[in-house]
1. So what is the 222 nm mean residue ellipticity for chain A from helices alone, if each DSSP H run of at least 4 adds -39500 (n - 2.57) and you divide by all residues, rounding to the nearest 500 deg cm²/dmol?
2. Among all the aspartates and glutamates, which ones have a C-alpha under 16 Å from residue A:209's C-alpha, if same-chain residues fewer than 8 places away are not counted?
3. Take every Cα pair under 8 Å in region A:3-312 that's 6+ residues apart, average their separations, divide by the length, and report that relative contact order as a whole percent.
4. Based on the Cβ-Cβ distance from residue B:325 to residue B:212, what FRET efficiency comes out when R0 is 35 Å, to the nearest 0.05?
5. Aspartates and glutamates near residue B:129 by alpha-carbon distance under 18 Å, same-chain residues fewer than 8 away left out - which ones?
6. Return the FRET efficiency for the residue pair residue B:17, residue B:281: r is the Cβ-Cβ distance, R0 is 22 Å, and the value is rounded to the nearest 0.05.
7. Report, in whole Å, the centroid distance computed from the Cα atoms of region B:210-259 and region A:1-34.
8. Within a 10 angstrom radius of the beta carbon, how do B:61, B:88, B:132, B:300 rank from fewest other beta carbons to most?
Amino acid sequence: MSRRLLPLTITVLLFLAMAAFGAVRYDGFLSPQVFLNLLIDNAFLCVVAVGMTFVILSGGIDLSVGAVIALTTMISAALLKAGWNPFAAMALVLALGAAFGALQGFLIQRFNLAPFIVTLAGMFMARGCCYLISTESIPIDDATYSAIAQARIPVGFDSSLTIGALIALAIVAIAMRIAHSSEFGRTVYAIGGGESSARLMGLSVDSTKIGVYLLSGFTAALGGIVMTFYMLSGYSLHAVGLELDAIAAVVIGGTLLSGGVGYVFGTLFGVLILGIIQTLIAFDGSLSSWWTRIVVGALLLLFCLLQRLFEGRTPKMP
Amino acid sequence: MKRLIHHALFWPAITLALLLIASSLFNSSFLTLAWRDGHLYGSVIDILNRAAPLVVVSLGMTLVIAVRGLDISVGAVVAIAAVVAALMIGGSFSATGEVQSRYPLWLALITALGVAAACGLWNGLLVVKAGMQPIVATLILMVAGRGIAQLLTGGQIITVYYAPYFALGNGFLLGLPVALWIAALLWLTLHLALTRTALGLFIRSIGGNPEAARVAGVRGSSITLCVYTFCGFAAGVAGLIVSSNVKSADANNAGQLLELDAILAVTLGGTALTGGRFQLAGTVIGALIIQTLTSMIYSMGVPPEVNLVVKAALVFAVMLLQSPEFRGIVARLARGGARVS
């Protein structure tokens, strides 16, 4: 087996081990719906984490995604309240998210600024804009949104998925295609491996770097739409700290934070692992919610140490 | 004049001065100080007092950034220190109606600071020994830290009843707030340690070029470890001030987003995020800029939520001004404009 697949394999095995643990320990855990719920409850996280994967693969980071999600739910709710066509509202927020991401990418690329600081400022900006729209939660009673939110697509075995979960799966599939068999995807890996060598190879580093943040802004907005389906409200405190969950999912999914190595498919499992931790804690009933954070922190530690081990053994490229 | 403009502290100081002038325009009594009940009162004193925890955390952050690091766990460490102190002091009413501390106050303070320093040491070990990227290494504690703090409190807000503890965040010494004294003392100690010993030079050399520093015989890893430990300790001090000020410890909200404000203060103060050059005094000014801005927005009657947008605009502006590429473009534009006219 290729050494590059090792982190991904560990992630998948860990997920299976946790599922097995749950199945043995708790009654009713091993039902298809429990596992589909992992996807349903974390659909927005999954969408965002896929965008984050590209950013991290390119060696950057995007801290603004949680705030962009909140802003998306806010703008959607405000537009629907003003009587907009739901699909026009969705198109507008997607365009806004992509533009927001592209602007951050432009600042990072053109002025050689640190992604951490630029997206941090972007996070302040997007959260602040939420508050400018309203400090209260805005409910959504649009018929189309409610219909999408309540729609259940049966997948057999008495279980079903939501539209949000389907969007998440579609995004994972599309992103895998982009990452592994498109010029853009290959350039992202090359930039993460070494920006100057990618430039010397004649790859379009500048536009790809902006593109990565544009993509992350777009997936954040799409994640926001999925969250709007899930919550049916716009609120400036939606998705606080979601950027950390997304980064954690990417790292647990086996992507190196130094960039250049990782798989979108791993991110899907990273998200599922975060989800299954919460489900296990919910099934247990006696553990409090803060154990989630501690376990996620411990897993992050484990994976980072594994990555260091893994990096240490790979012969260094000159 | 030219030397003045090129001084690293010139722009931060100008920004702060402009903010203070703007504040005094909006509020005519802004700059007045009054002496009442043996204390100095006034908006400026209030800003200094409120800025104290941020100043303390930012001082630690400056050094971490100077050695090419970053510590995003300080908010969580603030919460942990606050919770440890609050749990150890607590306060129960004795038969005589006097409030007693569960453990002696000094023991509680030392334990809280020790735990905070241990958190910093942990971050340092992950960075130095395990070779992790600083963002990742401290991300772990940032995620888990609040969980640990909540575990300690059982998810409750711990109220402190023991009055002597309140002095840290609410007391006055020689007419000035105690928190202000603590921040000033920490700054002075650090300033002396960095200028009177070789420590400042070592930190600059590690941040400037770790490899060259190592070859030159600087013990980079132990200094980096110390710097992270100090950053944790500083966060602990801030945690004590914060919890003493509100007379309670909230594991969920104490120090929330403080790491971002601290990094912002360091950046505003003219310390480059790439490491090497740092401005301790600049950081203090940066923290004061943030607090003045916050107070100004509050006193103007603008919804406090706007604060975030203003902060974001400020960060973008400062970032661009610090970027050589942006300066280059502006310079070219200015030259082009001169040629046209």
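Coordinate-derived values only; no laboratory data. The shown structure was predicted, so the numbers you read here are calculated from the model rather than taken from an experiment. Every residue, glycine as well, gets a Cβ built from its backbone with ideal geometry; the counts of neighbours run over all protein chains shown.
1. On the way: 14 runs with 233 residues, N = 318.
My calculation for chain A gives -24500 deg cm²/dmol from helical runs alone.
2. Straight-distance partners of residue A:209: A:62, A:183, A:195.
3. On the way: 521 pairs, mean separation 109.4, N = 310.
Once normalised by length, the contact order is 35 percent.
4. Details: r = 25 Å, r/R0 = 0.73.
The calculated FRET efficiency here is 0.85.
5. Of all the aspartates and glutamates, those that pass the test against residue B:129 - Cα under 18 Å, at least 8 places apart if same chain - are A:311, B:71, B:211.
6. Details: r = 14 Å, r/R0 = 0.66.
For R0 = 22 Å, the calculated efficiency reads 0.95.
7. Here the two parts' Cα centres lie 37 Å apart.
8. On the way: B:61 31, B:88 20, B:132 23, B:300 13.
Ranking B:61, B:88, B:132, B:300 by Cβ neighbours within 10 Å, fewest first, gives B:300, B:88, B:132, B:61.
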